[in-house]
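See structure below.
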Amino acid sequence: MTSPRTRTFTLVAGLFVGVPALLLTGAGVAAPSTQEGLGAQATQTGTPDLIPRPVSYEASPDDEFELDKLSQIVVTGESGETRTVASRFARQLHRSTGFGLPVSTQPARDGDISLSTKGSESLGDEGYQLTVDDQVSIVAHTAEGVFRGLTTLRQLLPPKVEAQTRQPGPWVVEGAEITDEPRFPYRGTMLDVSRHFFSVDEVKRYIDLASLYKINTLHMHLADDQGWRIQVDSWPRLTTYGGSLEVGGTPGGSYTKRQFAEIVRYAADHYIEIVPEIDTPGHTNAALASYAELNCDGIAPPLYTGTDVGFSSLCIPKPITYEFLDDVFREVAEQSPGPRIHLGGDEAHVTPHEQYLEFVPKAAALVTKRGKTVQGWQEIAETPLPPGSTAQYWGTEDPRSDGLARMAVAQGAEVLMSPANHVYLDMKYDENTPYGLTWAGLIPVQKSYDWDPATLVDGVSEEDVVGVEAPLWSETLDEISKVEFMAFPRLPGVAEIGWTPAADRSWDEYKGRLGGQAPRWEILDVNYFAAEEIPWQ
Ligand code: NGO
């Protein structure tokens, strides 16, 4: 052990004489305040500001870890994937700490971080055990579990670890024993790149921020009335013409295959799966404008740059509609390695209802034909769905939406919870929010956090729910900084709803941890809304 580390340890250990171990587990138990004065990441409750709150956190007050210039990341006998995760983490930490952090197979020493996938299968894909003493050890069953554990370690390190430039140390983490795994397998957010287009770099920025809270799915709303944003070689005008504008009439854009692959790769590096959405049969004006033959009357409408919904429809009786969708889903499936494709299905107000019921199963078959499972907005639950489908609840606890969710359950589909009155990130926080919508009500931070996916809808319980997703519709959001303003601070709460057991969540305790994110967001230059309800640090 190097002498600087010994000195720090002695000094800090002195603060802990006679302090009992703290246990953070069970329903919102606030541990006694014992770690005051240990820096920004210690809250008034004495537990670090981790979001999502881990299933179990036990402080080991006698222990302390310090990362220093001799620290290594040790991966012995692991897959190449774990080594890749390790190298990426090393590169990230190198920027702020300046340390080399070589990935090594030598036995771990004090000050090292060791990573292993030799953990029990019961940890699942994302679970991990993290021990902090003289060393940090992360044990999981998969490389993804190791990554989730490293995400926790990032949050345990001082906020300045997020900086892009060299910062002075020390890089100290308090001793702890963490065991953790998610409540739900799907913890997502959605970015609407159709109403306003966001560049590859902007999407990457959103991935960076979401990933810090263990979000594992990014649903991309790639086609709507206002723009088609993903390249389809067999129907090129979808992007060259249908993607040319956005809301307000400003130039739009679209992702080439190479660019979309770059998003997929970047997301995968963060263990985030992309769910591509092609909204059908409504929300299709961009496609209808691009190809006259897709319209029942054979006449292409003009491009649309307003914000109304529910006025467009594919032509359900025409065979070309299915030739078109077959090509589209094939090319989207080729570009998207994830298991799901979202076919939309919402607000088909001008599609005759009988035709809607006929359309969805046909479109769904074109998705499953490509080896993908079907995801769609709640309306698709009215039609028979292929096994393994997901219906995305976007109601406001209203009878019609709740009924649709129950219809999904009745036919064995999974329900993804995106209640618009809680997790629509495009709703304003209060009447002074400079952008956003209000149709689902105002959503202050507490309202976005204080609900539970397994009790929201009668007849839809824990085992029916695959997870939660916070959609961010972009009618009023033309810059990524505005996206950040709407997502932060609400998105971390949705991430916690998806991860942390319901019994361990309470708003009063959570808001303290949320307040502790501010120093990190300042360093990351996040344009967050400093809501008055939060005790910001
Ligand atoms: C609705 C509508 C979208 C809007 C959004 C705005 C769904 C599933 N369809 O949600 O087209 O953009 O509200 O909040």
Estimated [θ] at 222 nm from DSSP helical runs (n ≥ 4, -39500 (n - 2.57)) normalised by residues in the chain, nearest 500: -9500 deg cm²/dmol
Rounded to the nearest 0.05, what FRET efficiency do D450 and A410 have when you use their Cβ-Cβ distance and R0 = 30 Å? 0.60
Going 7 Å from the Cα of H353 toward and past its Cβ, which residues in the range 262-294 have a backbone nitrogen under 18 Å from where you end up? 281-282
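Given R₀ = 22 Å, FRET efficiency for D201-Q106 by Cβ-Cβ distance, to 0.05? Walk me through the intermediate numbers first.
Details: r = 38 Å, r/R0 = 1.71.
After rounding, the FRET efficiency stands at 0.05.
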For the range 387-537, go through all pairs of different Cα atoms, get the mean of 1/r, take its inverse, and jot down that Kirkwood value in Å. 16.0 Å
Can you give me the angle between helix 200-211 and the longest principal axis of the chain, using Cα atoms only, in degrees from 0 to 90, rounded to the nearest 10? 50 degrees
One finds the C-alpha centres of the range 475-513 and the range 178-229 to be spaced, in Å, by 13 Å
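Please give the FRET efficiency for K118 paired with T84, using the beta carbon to beta carbon distance and R0 = 22 Å, rounded to the nearest 0.05.
Details: r = 18 Å, r/R0 = 0.80.
About 0.80, to the nearest 0.05.
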Principal axes of the chain: Cα extent on each, largest first, Å: 80, 42, 42
Can you tell me the orientation of helix 319-335 relative to the chain, as the angle in degrees between its alpha-carbon axis and the longest Cα principal axis, to the nearest 10? 20 degrees
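What is the projected area of the convex hull of the Cα atoms of the range 73-157, averaged over all directions, in nm²?
Values: hull surface 19.8 nm².
Mean shadow area of the hull around the Cα atoms is 5.0 nm².
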Packing-based order for 354-364, 184-194, 289-299, 383-393, using average beta carbon neighbours within 10 Å, highest first: 184-194, 383-393, 354-364, 289-299
Output needed: percent of Cα pairs per 10 Å distance bin for the range 269-422, bins running from 0 to the one holding the longest distance. 11, 39, 36, 13, 0
With the cut-off at 14 Å, report for the range 361-409 the share of all Cα pairs above it, as a whole percent. 45 percent
How much length would be gained if the chain were fully extended between K362 and D458, taking 0.36 nm per residue of separation minus their Cα-Cα distance, in nm to one decimal? 31.6 nm
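Does the range 186-499 classify as rounded, prolate or oblate by the C-alpha gyration tensor (a ≥ b ≥ c root eigenvalues; a/c under 1.5 gives rounded; else a/b over b/c gives prolate, otherwise oblate)? Write down the numbers at each step before the final one.
Values: a/c = 1.42, a/b = 1.18, b/c = 1.21.
Judged from the Cα gyration tensor, the range 186-499 comes out rounded (a/c under 1.5).
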For the range 178-272, list log₁₀ I(q)/I(0) at each q in 0.23 Å⁻¹, using the Debye formula over Cα point scatterers of equal strength and ignoring solvent, two decimals each. -1.13
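All of the numbers you see were taken from the coordinates with simple rules; none came from a lab. Here the structure is a predicted model, which means the values were calculated and not measured. Don't worry about glycine lacking a Cβ; one is built from the backbone with ideal geometry, like all the others, and counts go over all protein chains shown.
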